[in-house]
Protein chains: 2
Amino acid sequence: MRIAILGGTGDIGEGFALNWAERHQICIGSRKSEKAEEASDRYNDTLASQELKGEIRGFDNRTAAEGSDVIILTVPHEHVLEVINTVRPVLDRQIIVSPVVPMSKKEYFEYTPPVQGSAAEEIQEMLPDGMHVVAAYHTIASKRLCSLDPAFRCDVLICGDHRPSKDLVIDLTNEVDCLHPLDAGPLAAARTIESLTPMLLNLAMLNQLKDPSIKIL
Amino acid sequence: MRIAILGGTGDIGEGFALNWAERHQICIGSRKSEKAEEASDRYNDTLASQELKGEIRGFDNRTAAEGSDVIILTVPHEHVLEVINTVRPVLDRQIIVSPVVPMSKKEYFEYTPPVQGSAAEEIQEMLPDGMHVVAAYHTIASKRLCSLDPAFRCDVLICGDHRPSKDLVIDLTNEVDCLHPLDAGPLAAARTIESLTPMLLNLAMLNQLKDPSIKIL
């Protein structure tokens, strides 16, 4: 499968690239292709140092998205519209995975959903007909993901309205040793799941927790 | 300390009564005092059978609330206004603990917050000046709580705007072996924390989980 990780030069992008590179073709996207190429070089060095197979390549966001099966949208909420518009000409059948969380911070982190109810539902509205958003990966601590250590296992809450798309994301998640996917229902459930990110950040700040994630008992 | 558990004839009420009875005076409240007395008799039998000390007593909601230090409001969202109005004449300095979750179910469970943002903030508005709501205990599976088994330990997310009230609820929670309190910030955080209940119910339904609770890793 070809997986585009847009905005994939950050640490969550790195985590997914490293975990999926052995089985999938990974295309890191960035606004500038040079930045994505530099990041990919680093990720490939990490793969080599851990004696893992796979090759990760870097492109501008549009080239990364073109011809991919899945697009992981690891971009800040304020850049989503710009990135979607950039890749729009090459959108056709890709599954869009949104870990996007709209939030702000004053004294505490606060979830600031758009009028659609959640970023995932907002993104669904931006897409051509017949394309589907799956919301996932909001509560993963990137350090756990990059560690490639199954001992750091946490749950991933996944929601979406299109069963085959959601199932594919559940399967991809199952391939990552430290992640355990759970079906969290329809895309409208993204309102709660996105709000877990500011909740976790507040819990970390107030209770001296490091890299907090969620587990359902 | 005197703790009133209003609507305390349900299984969450039973769980708290059993866990706190050794250290605190527990008053179970119900619309009809007979129902609260019957429940208290059962809880006292359970205490005796497990060779635990303490005496739990049953009253109508207003009598239970009168003179208590803490009121746990284990009532369905649709009965909150009626119960607050019933106990209003005896409200003065009690800390009000809200595990209340407004929700509905069609195909999935859905969080249906009031205009104030959360049930906890709605309840805060109903109270006389100088009284404080602490939101807590939304994500505890009652079977875990009633088991009195510390092996079932889960996290409790606690939020509120009044530091001393929140600290007291954190201390009370620490007294329960199977619960681990976490400070989740201001009362406005109740929006997210209340919405975890329908999320957990959906996760249980869709992933064949039993008595789900949350742990922050």
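At 1.002 mPa s and 20 °C, plugging the Kirkwood radius over alpha-carbon pairs of region B:1-132 into Stokes-Einstein gives what diffusion coefficient in µm²/s?
Numbers: Rh = 15.1 Å.
The Stokes-Einstein estimate is 142 µm²/s.
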(request) Among A:Glu78, B:Glu14, rank each residue by its count of other Cβ atoms within 10 Å, from fewest to most, as a rough exposure measure. (result) A:Glu78, B:Glu14
(message) Can you give me the long-range amide H partners of A:Met103? Hydrogens built in the peptide plane at 1.01 Å from N, cutoff under 5 Å, separation of 5 or more residues or another chain.
(response) A:Thr112
(request) Using only the alpha carbons, work out the radius of gyration and Dmax of the protein assembly as shown in angstrom. (result) 24.1, 75
(request) Report the full-extension gain for the segment B:His79 to B:Gln50: residue separation times 0.36 nm, less the Cα-Cα distance, to one decimal in nm. (result) 7.1 nm
(message) To make sure I understand, if each residue's beta carbon is the centre and we count other beta carbons within 10 Å, what order do B:Val80, A:Val97 fall in, fewest to most?
(response) B:Val80, A:Val97
(message) What does the C-alpha gyration tensor say about the overall shape of region B:54-183? Classify as rounded when a/c is under 1.5, otherwise prolate if a/b is larger than b/c, or oblate.
(response) rounded
(message) With bins 10 Å wide starting at 0, give me the P(r) of region B:1-55 over every alpha carbon pair, in whole percents.
(response) 28, 61, 11
(request) For region B:63-77, just list the computed ³J(HN,Hα) in residue order, Karplus coefficients 6.51, -1.76 and 1.60, θ = phi - 60°, integers in Hz, with x standing in for Gly and Pro. (result) 5, 4, 6, 5, x, 7, 8, 9, 10, 9, 9, 8, 10, x, 3
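If you count, for every residue in A:157-167, the Cβ atoms of partner chains within 10 Å of its Cβ, what is the mean?
On the way: counts 3, 1, 4, 0, 0, 0, 0, 0, 0, 0, 0.
For this peptide, the per-residue mean of nearby foreign Cβ atoms is 1.
Using a 10 Å cut-off on Cβ atoms, rank the peptides A:207-215, B:114-122 from the highest mean neighbour count down.
Numbers: A:207-215: 16.0, B:114-122: 20.1.
Answer by packing, highest mean first, reads B:114-122, A:207-215.
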(request) In square nanometres and to one decimal, what's the mean projected area of the convex hull around the Cα atoms of region B:122-212? (result) 6.3 nm²
(request) Express the relative contact order of chain B as a whole percentage, based on alpha carbon pairs under 8 Å and six or more residues apart in sequence. (result) 18 percent
(request) Assign unit charges at the C-beta atoms only (+1 for Lys and Arg, -1 for Asp and Glu), then state the dipole size of region A:1-48 relative to its Cα centre in Debye, rounded to the nearest 20. (result) 240 debye
(message) Please list 3J(HN,Hα) in residue order for region B:13-24, calculated via the Karplus relation 6.51 cos²θ - 1.76 cosθ + 1.60 where θ = phi - 60°; whole Hz, with x for glycine and proline.
(response) x, 4, x, 5, 4, 5, 6, 9, 4, 5, 9, 10
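Taken together, the values in this text are just the output of simple stated rules run on the coordinates, not laboratory data. Only a predicted model underlies this, so the values are computations on that prediction, with no experimental measurement involved. Counting neighbours? That spans all protein chains shown, and the Cβs are built from the backbone with ideal geometry, glycine included.
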